[in-house]
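The structure appears right after this line, and notes come after that.
Values quoted throughout were computed directly from the atomic coordinates according to the rules given, and no laboratory measurement underlies them. Here the structure is a predicted model, which is why all the values come from computation and not from measurement. Virtual Cβ from ideal backbone geometry, glycine too; neighbours counted across all protein chains shown.
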Amino acid sequence: MQDETVVGNGTSGQTNTPPPKIIIAGAPCSGKGTQCEYIKSEYGVFHLSTGDMLRAEVAAGTPLGIQAKKYMDNGQLIPDELIINIVKAKVTAPEVQARGWLLDGFPRTAAQAKALQDAGIHADLFLQLNVPDQILVERVTGRRTDEATGRTYHTVFDPPPPEVASRCIQRSDDTEEKIKTRLNAYHQAINAIEDLYQHVRTQVDGNRKKEHVTHDIKSAIERVIQLNKQKRQQ
Ligand code: AMP
């Protein structure tokens, strides 16, 4: 999967504490990408983003990418059987188990959540980033992605610098029509899986300055690390 480099201080690797295992859910443009960058650099976990992985497959023109593209272009989920085994293999890889993981964009259906459970893959924390739909539509339609770095900008709130602007593109699923379909898909996904994660769920208001969002996320992760430490000591 793309973006698995371990960077930052790798806090969890400094002790014998089991590393955090986190699922993050957030609608398109909820700020999830920014917060994932923070979590990855602060805690050294593997970031496993199914959206990034699938976009890389599409760009490389692999058989999976060719199949996935028609769903992705329409803002629809790709079929469970195309994604479940890939994610299970990634999460259970020894280096990922050792570092801890941040699963981003998965699970999105009850079948995907059940597949994780059946494989004994349990998260310590289910982070849910909440932002009202109408704000998300504004954010998504102005979003531009730098193809070279993956960094995102906003035409109004965070325009790309001139030297980068020419290589920024609008993702094919970032139009108003498609964002509405993707938001429906997101709400359906949350409805399908939230009950399974209620015992580890932290909801975060994502409609605030990113520093405040990060602060709440940090508190939730620190709590999990403390709990894991206590369990290890018992
Ligand atoms: P994202 O960047 O997470 O919004 O994902 C972009 C697109 O990739 C989604 O709209 C889906 O078409 C596809 N996708 C990503 N993750 C999944 C998943 N867990 N199940 C099915 N489709 C997915």
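Structure notes:
- Gyration tensor (alpha-carbon) shape descriptor, the range 171-213, a/c threshold 1.5: oblate
- Dividing the convex hull volume of the alpha-carbon atoms in the range 81-163 by its residue count gives 160 Å³ per residue.
- Relative contact order (%) - the range 134-234, alpha-carbon pairs under 8 angstrom, separation at least six: 19 percent
- Antiparallel DSSP beta bridges within the chain, as percent of all bridges there, nearest 5: 25 percent
- Cα-based shape type of the range 115-234, given that a ≥ b ≥ c are square roots of the gyration tensor eigenvalues and the cut on a/c is 1.5: prolate
- Helix-only [θ]222 nm of the chain, DSSP H runs n ≥ 4, -39500 (n - 2.57) each, per residue, nearest 500: -15500 deg cm²/dmol
- Protection-proxy order for peptides 21-31, 84-94, each taking the mean of Cβ atoms within 10 Å per residue, highest first: 21-31, 84-94
- For the range 16-90, convex hull of alpha carbons as volume per residue, Å³: 116 Å³
- As computed over the chain, the Cα convex hull volume per residue (Å³): 125 Å³
- Taking every DSSP bridge with both residues inside the range 127-234, close to 60 percent are antiparallel.
- Relative contact order [Cα under 8 Å, 6+ residues apart], the range 17-102, whole percent: 45 percent
- Note on the range 57-73 and the range 173-218: Cα centroid distance 24 Å, given to the nearest whole angstrom.
- Separation of the Ala59 and His199 label points, Cα + 7 Å toward Cβ, nm: 3.9 nm
- Using a cutoff of 8 angstrom between alpha carbon atoms and counting only pairs six or more residues apart, the relative contact order for the chain works out to 28 percent.
- Structure remark: mean-square fluctuation, Gaussian network model of the chain, C-alpha springs under 10 Å; the largest value among Thr62, Thr50, Thr152 belongs to Thr62.
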